[in-house]
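K.L.:
Dumping the structure here so I can ask a few things about it.
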Amino acid sequence: YQKKNTVTEHVTGDMLNEHIHICISETENISLLDIPSTLVSVEADDAETILERNRRYAEVACRNRMGRDNYMDQAVQTLNGAAKNKQTQSDGVVMVDTATTVTNWDLYNTWIRPEQHEAVCSPEPERVDGPAASLKASRGSEMSVSVGSTASTGNSEGRDALLLLNAESDLQWIKLSEKFQDCVRLMEKTVLRNTFQPKFAAYRHLPILEDADQQVESGKVDVKEDTKGPHPALECLWAFSCELTRGRSVSSMALNKKNPDLLAVGYGEFDSSNQKPGLVCCWSFKNPMWPDHVIHCDSTVTSLDFSSNNPSQLAVGMLNGVITIYNVQNQNSKSSSQCYRKHLGPVWQIRWIQQQLRLTGEEKVEALISAAEDGRISKWFLSNNGLDCTDLMKLRKDIHTKKKTTENKTEERTEIVLSALTPGLSLDFHPTDSSIYLVGTGEGLIHKCSSSNSQQFLETYWKHFCPVTCVSWSPLSPDVFLSCSSDWTIHLWRQDHFCPVLSFTSTHRAVYDIKWSPKWATVFGVISEGQMQIWDLNSSILDPIIVQSAGPGETMTSLLFPSQTDCVLVGDSDGQVTVYQLHNLQRESNQVKLRDKRIPSMVLPLFTSL
């Protein structure tokens, strides 16, 4: 190929002297993302203008935006940044033991140094925040000790008074602290368990610990020797009583269903001339000297019961018709005082009961049922304003039927219908079918009712001619129940017969309460005006096996059998709940035979003879 010849231009002097102008300019900015800032520095020029605009917006727009369509509340969710794990290494802390010698003068001089004197004399506005914080602040100076201090003591009398005043103040705050009170309660229970150990052991069927340093009490030995005989006997273990309950009548008792060591007792007076505010005490079987919880009520307590699903909830019925559910742990409460369907008379019986749902029949829900003076059986539930209710049954007076015989020997019936309601004084649910319950009325009738039928009674039992004060299903024989009345009589019934199987008569006294024993199928307790009776149908159907009279000037008012022991709790008109232990009754080994054979063999022949 032929190589091209490169032509080069020669630079001349004129070219070097020539002026050439070059103009350099900036190109336009290209914005890919622009996010305006919502924050402005307080040092900016327009900061005051923006603050004024925000103030006007808050006053005009934000205050009046409720109900307008231009404004809408909207929530957003922001994602948190991913957490990073970071590790570091540090040297171990070296511990050194030191010791020093401190004299009493060193402690004294450190305590009354000028800055401590000013701190003690000046008021502390934050002291009311809590005892713990105040104690920590006041004890801070005591942690530092000056060694070999030679400061002058000054006026010893003023310093002693100041030291005494500060010590008394600290002592009061220590007493008010919650931790100190918990420790005191624990120590009190520990001391009482040692003191009442023989009684507590007898109640729980535990061996009695013998103390070698303690002399044997003669009275206790005599009681044990009396109870070793062949006849049934009663031994008094202890009594729940304190200054708060002294002089108040025990109206009702209930054991906690989850914690059998917790007993709720209601107090009140039914005499209109001696009305006092109601009182509820929750006693622990570990401390019979003072209750764990105290609840003051507006009216006399007539009945109470613990919940099964929520063991801390206690339902209380009162003389003024109000029902209140208390939480014994935090003292919160729900009341029926604002409910327009509340009871118009005393609530004589209240019960928590587990009921099956009608649709499935498997899941159970807990319901609160009450019977009151106004003749209504009500079911209660929580609402926004407290408690509300629906009526399960209205206890209308029975229809009286008269029979007349004419010349043609035909019977004509004349019915007299009364629409007035009769008071419901007692209530008890069937032990196996929670939809069936018994109601004792003020006219001496016992109605068998169903939760699914609020219009009519299933059955009506006639025998009492005075108010039925208590009805009780047998927990071991579901077809049998007891009733007692102010007519001095006690009747044993079968639910499929309208006449009582057995009748018992008290010693010319009104019968207030009656309860079956949960351990023995033929044993039940009765409370009359002046005594308590224990009946055992396996031993005698004519006389009680045990009779315990009340103290002088006192009357027994209520009765309760714990489920896990051979004891019975009795409340009286002086505010005492006495724990008695039953001795020489049937053994637990005979329980099944008694439940399966004893009652049928005794009751069925009586039914066939009727």
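The values are calculated or read from the model by the stated rules, or taken from the named source; none is laboratory data. This structure is a prediction, so every number in the text was calculated from the model and none was measured. Cβ atoms come from the backbone with ideal geometry, glycine included; neighbour counts cover every protein chain shown. Just so you know, the surface numbers come from the protein's heavy atoms only, side chains and all, with ligands and any DNA or RNA stripped out. Shrake-Rupley method; radii C 1.70, N 1.55, O 1.52, S 1.80 Å.
K.L.:
Determine the order of W348, W105 by accessible area, beginning with the largest, at a probe radius of 1.4 Å.
P.N.:
W105, W348
K.L.:
Follow-up question, since we're still on this one. Averaged per residue, what accessible area in Å² does segment 435-520 show with a 1.4 Å probe, protein chains only?
P.N.:
Per-residue value: 36 Å².
K.L.:
Here's another thing I want to ask about it. Report, by chain and number, residues whose modeled amide H sits under 5 Å from the one on G444, excluding near sequence neighbours (fewer than 5 apart, same chain).
P.N.:
Excluding prolines and chain starts, which carry no amide H, the hits are V468.
K.L.:
On to the next question. Any of K258/K394; K179/K199; K397/K448; K257/K397; K257/K286; K175/K257 with alpha carbons more than 25 Å apart? Name them for me.
P.N.:
As for pairs spanning more than 25 Å Cα to Cα, those are K258/K394; K179/K199; K257/K397; K175/K257.
K.L.:
Output the peptides 514-527, 302-315, 550-563, 81-94 sorted from most to least packed, where packing is the average of other Cβ atoms within 10 Å over each peptide's residues.
P.N.:
Going by the mean number of other Cβ atoms within 10 Å, highest first, we get 514-527, 302-315, 550-563, 81-94.
K.L.:
Next up: Using only the heavy atoms of the protein chains and a 1.4 Å probe, how would Y512, Y57 rank by accessible area, largest first?
P.N.:
Working: Y512 90, Y57 120 Å².
The most accessible residue leads, giving Y57, Y512.
K.L.:
What order do D261, D391 take when sorted by accessible area (1.4 Å probe), most exposed first?
P.N.:
In descending accessible area the options line up as D391, D261.
K.L.:
Another question about this same structure. Please list, ordered by chain and number, the residues whose modelled amide H lies under 5 Å from the amide H of V40; skip anything fewer than 5 residues away on the same chain.
P.N.:
none
K.L.:
Let me ask something else about it. Rounded, prolate or oblate: pick one for segment 276-340, where a ≥ b ≥ c are the square roots of the eigenvalues of its C-alpha gyration tensor, a/c under 1.5 means rounded, and failing that, prolate if a/b is larger than b/c, else oblate.
P.N.:
Verdict is oblate for segment 276-340.
K.L.:
Tell me the accessible surface of E188 in square angstrom (1.4 angstrom probe, heavy atoms of protein chains only), to the nearest ten.
P.N.:
Here the accessible area works out near 70 Å².
K.L.:
Determine the sum of side-chain charges near D388: Lys and Arg each +1, Asp and Glu each -1, restricted to other residues whose C-beta is under 12 angstrom from that of D388.
P.N.:
+3
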